[in-house]
Every structure is written in C-alpha cells, then in structure tokens.
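Heads up, the thing below is written out as structure tokens.
The values are calculated or read from the model by the stated rules, or taken from the named source; none is laboratory data. Being a predicted model, the structure only gives us computed values, none of them experimental. Heads up, the Cβs are rebuilt from the backbone with ideal geometry, glycines too, and the neighbour counts pull from every protein chain shown. Only protein heavy atoms, including side chains, enter the accessible area calculation; ligands, DNA and RNA are left aside. Shrake-Rupley method; radii C 1.70, N 1.55, O 1.52, S 1.80 Å.
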Amino acid sequence: MKKVLLVDDDVDFCEATKILLESKACEVILAHDGKEGLEKVRVEKPDLVILDVMMPEMNGYDVCVVLKADPELSKIPVILLTAVDQAIFRTTYTPHMGLMTEADDYIAKPVEPTELVSRVENVLNKD
Amino acid sequence: MLIKPSINMLVVENDIAILQRCRELILNEGHKVRTAESVGEALNIIQKQPGDVDIMLLSLELPGWGGMTLINILKKARSEILIVAMSTNCGEEAIEAMRAGAYDCIRKSFTADRFWTKMNRAIEAFRLRHQLDILSRQRQSALSKVRHGENLLAILQSFTDGLVVTDWQTHIVLFNTKAATLFGLTGKNASERPISECIASDELFSLFMRAINSDSSLASLMADEEPVIKIGERALRVHVYPVKNEGGTVIGAAGLFHDVSKISAMDKLRSDFFSMVSHELKSPLSSLLMQISVVLDGLAGELTDKQNDLLGKAKEKTKGMITLVNDILDYRRIEEGKSIQKIERLDLAEILQRTVELMRLSAEEKGIAIKCQIAEKLPSFSGDMSGIEAIFVNLISNAIKYTLKKGTVKVTLDKSGKDVQFKVVDNGIGIPPEDIDRVFEKFHRIKTEETRSIGGSGLGLSIVKGIADAHNGSVHVESKLGKGTTFIVSLPIEE
Ligand SMILES: Nc1ncnc2c1ncn2[C@@H]1O[C@H](COP(=O)(O)OP(=O)(O)O)[C@@H](O)[C@H]1O
Ligand SMILES: [Mg+2]
C-alpha cells in the first residue's frame, strides 16, 4: 500500500480527497499547512506528497524547494496543486527563490477526481 | 562613470545543469547574473531592464528559436551587449555565431579555469568598448544650450505633464514646473546633477540610459511601450525619448511624465479582484467537486436512484461554474495581452490526445463518439501550453455541447503548408448564417429554442481567437444550420 501525504489548508477538500485516494488503495495522511507538511514528510516518509500552493505558514513552492534540496527527501515525488491561475503558476514557479527545483507534476484546481487519480497513479508507478 | 566595476551578465541556456554551473562561477567572482532558459525569456529580460545586460553567455543549442536568431536581433537592436557563445563542440555553429557578431565561443565541457580565461577576455573587451564609446560622446556638443531659448522654456512650463531633459551622461539640464512639483526639484538641487541622484528610481534611470544608448532601431522597438513607474505615492506613465543633434547622434534624453495615480489605483483594484476570484471561488469549487464526486461514486455509502439523480445534476452545475470561472480568468488574460505566458516546444499530438481522452467520457454519456485523427510526424511547434490546451478544450467541448442528438465529433490535427491545422467537425445544430460572423464576439451566444437549456459564458470562442492571434494564427468557421459546424485553427510553425 502506497502512502500519500496530502498538504492543503482546505479541510473539506482534504477530507473528500482522502476518501477518494483511500478507495484506490492508498494510505492517506493529511497536513494543513506547509510547516506541518514538512514535519510529516520527515516522520512518515511517504511515497508521494501532494502540495497545495497557497497555504499559511509556508507555501507549497517553498515546501517543494526544501524537499527537493534535501538529499534524503528529494527522491519523494511531489505534485503541486493550485487554485491560482494556471498559466501564471507555470511560469512563476521556475525562478522562485532563484532555485530551479521542479515538481514532478502540476495540477490545476479544481480537478476532476478521475484526473487526480490518474495523475497520482502515474507518478506513483514511475519507479 | 568611466569604468564599470561589476559586470551584468545574462546566461541563456536550457540545460539547467550548465545554467546553474555558469551562474555559480559568475556569482563567485562578484558579478551580477541573470538567467533565461529560452530566447523568449532572454528577450524579456533584455527589453525590460535596459542597460542591465553587459555580457550575454548564449547557448547555440537552444530549442525553438535558436541562439543565432537572438544574436541577429541583438546585433541590430543592442549592439553594446557583448555576446559569448556556448556550444558542445564549438564547430561550424560557433564560426557562424562569431561571423554574426558573437565575440567568442566556449565549449560546454569547460573547467572553471578555462571558463574564466575566456570570460575575462570578454570582460576586458567589453570595458574597452564602453570607454571608447564614452570618449567619443564627450567630443559632442552639450545639450545645455537648449536652456537659452526663452520662448521655448515658457511653452514647456505650461505643460500639464512633467518634463525632464538630461544630457548624454544623464545630468539634468532642464525641467518644467510640473516636474519640479512631482519630484521636488529646484534649480539648486537639480541643475547639472545626475538624474539618479535627484529622482530615486532605478527604473527611470534605466529608461534614460536606454534612450541615450539606443540607436534608431531600438528606439523604434520601444516606441509603443508606455511603462508606468511608481515614485513615492504616485504612479507615472513615462515616455523617454532620445534627443539627437543635427548629425543624428544621440546627445541626451527627454522624459515626459503623466500622472496616472488614479487610474492605476483602479487597475490594482481590478487585478486584486481577479486574484480574489481566482482563489476564493476556485478553492471552494474544488472542494465541492471532490465532495460530490466522492458521494456519487458511492464511496460514502450506497445511493438511492433519486439521490444519484439529484447529485448528478449538482455535479453538472458545479462543473458549469468551474468552466465559467476559468473562462473569465482566461478572458482577462487575453484582454491584458498576457495570453502567452511562456513559449516552449510542445508536443501537440500528446496534448490533443490527452484533452480528447478527458472529454471522451462525457461525450459518450451523451451518445456522441469522438474520432481523433492525428498526423504522424507533425513538425515541431512552439507555443504556450495552457493556451493551446484552452483552444482544444473550448472547440471540442463546444462541438459536444452543441450536438443534441447522437452524433460524431471528428477532431484532426495535421500539417497544412506552413501551418499546423487543428480541425473540429461536428454534425450538431449548426449556426444560423446571420450569426456566423458574431460567434467570436465576447458574450455573444445564439438564442434559439434549441440552445436555451445549454449553459455557457459566451467567452469560449473569443478566448480561442485571442490565443490563436497571439500565436500569429487564425480561426475559421463554416456551418450549415441543422447539419453541423466546422472550426479550423491554423497555427504557423517556425521555419
Ligand atoms: N460547434 C458549435 N455548433 C453550434 N454552435 C456553436 C458551436 N460552437 C459555438 N457555437 C455558438 O457560438 C456561441 C459562442 O460560443 P462560445 O464562445 O464557446 O460560448 P459558450 O459555449 O460559452 O456559449 C455559442 O453560444 C453557440 O451559440
Ligand atoms: Mg463554449
């Protein structure tokens, strides 16, 4: 069973998405801000992190940059999820903080549940 | 002003590892460096921050618009930028680049030593050029003579816009009353002093530098640009023109300042509003969609037929709202001229396939089959990913939406002369001849008995047209009422 960490400050979204992914035989752990997310990655060592971009404490971009810079965690795939205008977020990401860290996939919210599942499976089955 | 201590470099390279390496090497030596991964990005930097790039390190192996194109553009428009090429072998392409004006070529497998031997030589060359340039200007007449035309001065004083004139060294030689109030200038503190010391704005300084350093071809490049800069509380729309002597040599620059603080506050309000819409509507909508879908899929317990029916409708309504919000945001981007965010090489076949697969299910539920025909070996195409997706999604979803009975939607992607051609053919309700010219207008929707129950914003086709235009392409429509409709989008491919 694959372990997925979902980091999103929208509790309703988390709850529903958790049910969805659990139906696809994933174990789902939740965190509701960037800092908590980062702590849980370190403790839980998930197989995949799904990160919302706009969050209090620490935003998704920053969490992703930190993860990808940490040799122990950089192998964990990251999917960035955002309700911010899609075209804008594609371009603001790359030069962020001068670092060229890339997420493994980007998904624009709102997302069709079937689409989310297939993108998650895609990333999980890569290795 | 004679010797520039640190050099501003720009590295243009799509191989991230090499880009990073160059960046580190340059930073370690205390120079400033910016990076771009494509010609488009590089041009953006160069055009936005004039005078900010002294030396450009350019890969000759960029996809899309090659590095050679950039060399040719810059040789015409910004000849003061010294270009050092980079390539894997430094073979034919390096010779060609140097013939076009590159100063040197570095192999990509460089060591730090090798890198700096070459770069230091380039830096020396740049400094030398820079000094020669300044010396030759010093021989030219000073602009300060302008001050003696008394009548002229009276006219300038009556302007409601601010005016500041500098000589070629950006020393202020003249300003009018409005400029004095805008910037707090007085005869004492401003005359013959550098503009950067009198008005604190790097952006303004670089506009003056750019006007002074531009030859005529850049001047024409900037002609339709009207930057708005913030100085203190004020927002000013600025035009800076080069001032030339009889011989056509640039001897200074004149800046006109129009106070747009009020308009600018409105713009900010508008743009805040749209980011609010974007986040505050999209977030709850994503929760709604997820919650409804999970329940509909039976993941929260078995549903009765009635519950299933009602929730199914709720899901459709939610998706309708999502489309509406996306349409509004897409449309705003086009209105602001920002429909192209990033030019990159795209695999059109893959994007189309993905889009079709996403829509196939909802089409089949309506009894509509999607047939997709994609030519093999399509030529390479560079464009904006989300823009192209929006074209595909809008035209295919229209074809599905405006076919009421069982039907077929035929989607083809093919090469046609110098274009890639995307075609969507449906056998749906068709468009009345009197409406056909208006379907691309924003908010225009055809109102008949048949279309009454179909939801939509009327923005989709204006978005399609806006994006096609931004890619120098076109959209074409043919339709027979009651028989069906064909939309064709043609997008030019690069040579
Ligand atoms: N494939 C089609 N067949 C028939 N009519 C169409 C088709 N595509 C667009 N139209 C007409 O053009 C109008 C504008 O389309 P669009 O800008 O996409 O807005 P919307 O679909 O949101 O109404 C539609 O309302 C419809 O009347
Ligand atoms: Mg439409």
Practice problem: Out of B:ASP435, B:ASP426, report the one residue that is within 16 Å of ligand 2 (Cβ to nearest atom) and modelled with pLDDT of 95 or more. | Solution: B:ASP426
Quiz prompt | Matching option when the condition is more than 10 Å from chain A (Cβ to nearest Cβ) and under 29 Å from the mean Cα position of the chain (by Cα), among B:ASP327, B:ASP305 | solution = B:ASP327
Practice problem: Given the conditions (1) touching a residue at least 60 places away in the same chain (Cβ under 8 Å); (2) more than 16 Å from ligand 2 (Cβ to nearest atom), report the number of the one that B:LEU395 does not fulfil. | Solution: (2)
Self-check item: Boolean, B:GLU365 is within 16 Å of ligand 2 (Cβ to nearest atom), at pLDDT below 95 and either within 14 Å of chain A (Cβ to nearest Cβ) or open to solvent by less than 20 Å² (accessible area, probe 1.4 Å) (or both)
Solution: no
Quiz item: Only one of these conditions is not met by B:CYS372: (1) more than 14 Å from chain A (Cβ to nearest Cβ); (2) of a type outside the set (S, T, N, Q); (3) away from ligand 2 (no atom under 15 Å from the Cβ); (4) within 29 Å of B:GLY40 (Cα to Cα). Which number is it?
Solution: (4)
Self-check item: The one condition in (1) within 11 Å of chain A (Cβ to nearest Cβ); (2) of a type outside the set (Asp, Glu); (3) touching a helix residue (DSSP H, G or I) at 6+ places or on another chain (Cβ under 6 Å) that B:LYS319 fails to fulfil
Solution: (3)
Exercise. Inspect all residues belonging to region B:467-488 and state whether any of them is within 15 Å of ligand 2 (Cβ to nearest atom), in contact with a strand residue (DSSP E or B) (Cβ under 7 Å, 6 or more places away or on another chain) and open to solvent by 40 Å² or more (accessible area, probe 1.4 Å).
Key: no
Quiz prompt | Boolean, B:PHE440 is part of a loop (DSSP other than H, G, I, E, B), in contact with a helix residue (DSSP H, G or I) (Cβ under 8 Å, 6 or more places away or on another chain) and within 16 Å of ligand 2 (Cβ to nearest atom) | solution = yes
Quiz item: Listed residues B:LEU281, B:LEU288, B:LEU358, B:LEU310; which is at the interface with another protein chain (Cβ under 9 Å from one of its Cβ atoms), over 22 Å from B:VAL475 (Cβ atoms) and without any contact (Cβ under 8 Å) to a residue 40 or more places away in the chain?
Solution: B:LEU288
Quiz item: When you look at B:LEU378, is it open to solvent by 20 Å² or more (accessible area, probe 1.4 Å), within 14 Å of chain A (Cβ to nearest Cβ), in contact with a helix residue (DSSP H, G or I) (Cβ under 9 Å, 6 or more places away or on another chain) and more than 16 Å from ligand 1 (Cβ to nearest atom), yes or no?
Solution: no
Quiz item: From B:SER457, B:SER462, which residue is open to solvent by less than 50 Å² (accessible area, probe 1.4 Å), assigned to a loop (DSSP other than H, G, I, E, B), hydroxyl-bearing (Ser, Thr, Tyr) and within 13 Å of ligand 1 (Cβ to nearest atom)?
Solution: B:SER457
Quiz item: If a residue has to be surrounded by 13 or more Cβ atoms within 10 Å (Cβ to Cβ) and more than 7 Å from ligand 1 (Cβ to nearest atom) to count, how many in region B:443-453 make the cut?
Solution: 1
Quiz prompt | Hits in region A:14-46 (condition: open to solvent by less than 10 Å² (accessible area, probe 1.4 Å) and either more than 13 Å from chain B (Cβ to nearest Cβ) or touching a residue at least 40 places away in the same chain (Cβ under 8 Å) (or both)) | solution = A:THR17, A:LEU20, A:LEU21, A:ALA31, A:GLY34, A:GLY37, A:VAL41, A:PRO46
Quiz item: Only one of B:THR111, B:THR35 is surrounded by fewer than 18 Cβ atoms within 10 Å (Cβ to Cβ) and not assigned by TED's automatic domain parsing to the domain that holds B:ARG210; which?
Solution: B:THR111
Quiz item: Out of B:LYS306, B:LYS313, B:LYS319, which single residue is farther than 19 Å from B:LYS415 by Cα, at pLDDT 90 or above and within 16 Å of ligand 1 (Cβ to nearest atom)?
Solution: B:LYS319
Self-check item: Test: B:LEU404 is modelled with pLDDT under 90 and open to solvent by 50 Å² or more (accessible area, probe 1.4 Å)
Solution: no
Practice problem: Identify the single condition in (1) under 34 Å from the mean Cα position of the chain (by Cα); (2) within 15 Å of ligand 1 (Cβ to nearest atom); (3) touching a residue at least 12 places away in the same chain (Cβ under 8 Å) that B:LYS415 does not satisfy, given that it satisfies every other one. | Solution: (2)
Quiz item: When the residues of region B:384-401 are filtered to those that are open to solvent by less than 10 Å² (accessible area, probe 1.4 Å) and away from every other protein chain (no Cβ under 12 Å), which remaining residue is farthest from ligand 1 (Cβ to nearest atom)?
Solution: B:PHE392
Quiz item: Does at least one position in region B:250-261 carry a residue that is open to solvent by 30 Å² or more (accessible area, probe 1.4 Å) and assigned to a helix (DSSP H, G or I)?
Solution: yes
Exercise. Filter region B:22-48 down to residues that are among the hydrophobic types (A, V, I, L, M, F, W, C) and under 24 Å from B:ARG210 (Cα atoms) and give me whichever is farthest from the chain's Cα centre (by Cα).
Key: B:VAL33
